[in-house]
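One structure is given here, and the rest of the page talks about it.
The values are calculated or read from the model by the stated rules, or taken from the named source; none is laboratory data. Everything numeric in this text was worked out from a predicted model, so none of it was measured. Every residue, glycine among them, receives a Cβ derived from its backbone with ideal geometry; neighbour counts consider all protein chains shown.
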């Protein structure tokens, strides 16, 4: 039989945790038992061992354990109805949690702008990583770059192309400062 084992309210996070268990076997009371007396080789009576009365506890299997945020009290109500427990028994706790929900504040214009810059920087970095000339330069040593520039930058058009490549690299690197 599935039953609600406990409901815990975490005031610091205004959340609720509920755990349901299934008692697969009930607790078993075992009475005291005594083994029969025996006779030793010398002919003396040896009393049998006595096992005291004890209880074998019920075995519980956790069926569901869920932490509900303050805005998920409808989910808690639904799970109480589905898995066991009564909403009325926990209505005061649910009302308390719902009364402490803090409305979310929309992000400021500065926060939105900062988020947009982060996305733009990531997009630009990804685009720059796909730029073949930067990929080639990235793997070169300073001496190799000097040799490449001397051999390949001989016209105004090639100089513009090289300056554009370097400007892209500087732009991406400068954003990390």
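In this structure, does residue 48 turn out to be in contact with a strand residue (DSSP E or B) (Cβ under 8 Å, 6 or more places away or on another chain) and either in a helix (DSSP H, G or I) or touching a residue at least 60 places away in the same chain (Cβ under 8 Å) (or both)? Against the criterion (in contact with a strand residue (DSSP E or B) (Cβ under 8 Å, 6 or more places away or on another chain) and either in a helix (DSSP H, G or I) or touching a residue at least 60 places away in the same chain (Cβ under 8 Å) (or both)), residue 48 does not qualify.
Listed here are the residues, each with its yes/no results for (1) under 30 Å from residue 71 (Cα atoms); (2) modelled with pLDDT under 90; (3) in contact with a helix residue (DSSP H, G or I) (Cβ under 8 Å, 6 or more places away or on another chain).
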{"site": "109", "(1), (2), (3)": "yes, no, no"}
{"site": "117", "(1), (2), (3)": "no, no, no"}
{"site": "120", "(1), (2), (3)": "no, no, no"}
{"site": "126", "(1), (2), (3)": "no, yes, no"}
{"site": "133", "(1), (2), (3)": "no, yes, yes"}
{"site": "141", "(1), (2), (3)": "no, no, no"}
{"site": "154", "(1), (2), (3)": "no, no, no"}
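Residue 67 fulfils the conditions (1) part of a helix (DSSP H, G or I); (2) in contact with a strand residue (DSSP E or B) (Cβ under 8 Å, 6 or more places away or on another chain); (3) modelled with pLDDT of 95 or more except for a single criterion, (1).
Summed over the range 126-144, the residues that are loosely packed, with under 13 Cβ neighbours inside 10 Å and in a helix (DSSP H, G or I) give a count of 9.
One line per residue, one yes/no per condition, for (1) surrounded by 13 or more Cβ atoms within 10 Å (Cβ to Cβ); (2) farther than 21 Å from residue 98 by Cα; (3) modelled with pLDDT under 95; (4) more than 24 Å from the chain's Cα centre (by Cα):
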residue	(1), (2), (3), (4)
16	yes, no, no, no
35	no, yes, yes, yes
38	no, yes, yes, yes
41	no, yes, yes, yes
47	no, yes, yes, yes
51	no, yes, yes, yes
56	no, yes, yes, yes
62	no, yes, yes, no
87	yes, no, yes, yes
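Within the range 96-110, the only residue that satisfies the criterion of being surrounded by 11 or more Cβ atoms within 10 Å (Cβ to Cβ), in a helix (DSSP H, G or I) and without any contact (Cβ under 8 Å) to a residue 60 or more places away in the chain is 98.
Could you tell me whether residue 115 is surrounded by 11 or more Cβ atoms within 10 Å (Cβ to Cβ), assigned by TED's automatic domain parsing to the domain that holds residue 11 and free of Cβ contacts under 8 Å to residues at least 40 places away in the same chain? Considered against the rule, which asks whether it is surrounded by 11 or more Cβ atoms within 10 Å (Cβ to Cβ), assigned by TED's automatic domain parsing to the domain that holds residue 11 and free of Cβ contacts under 8 Å to residues at least 40 places away in the same chain, residue 115 comes out as no.
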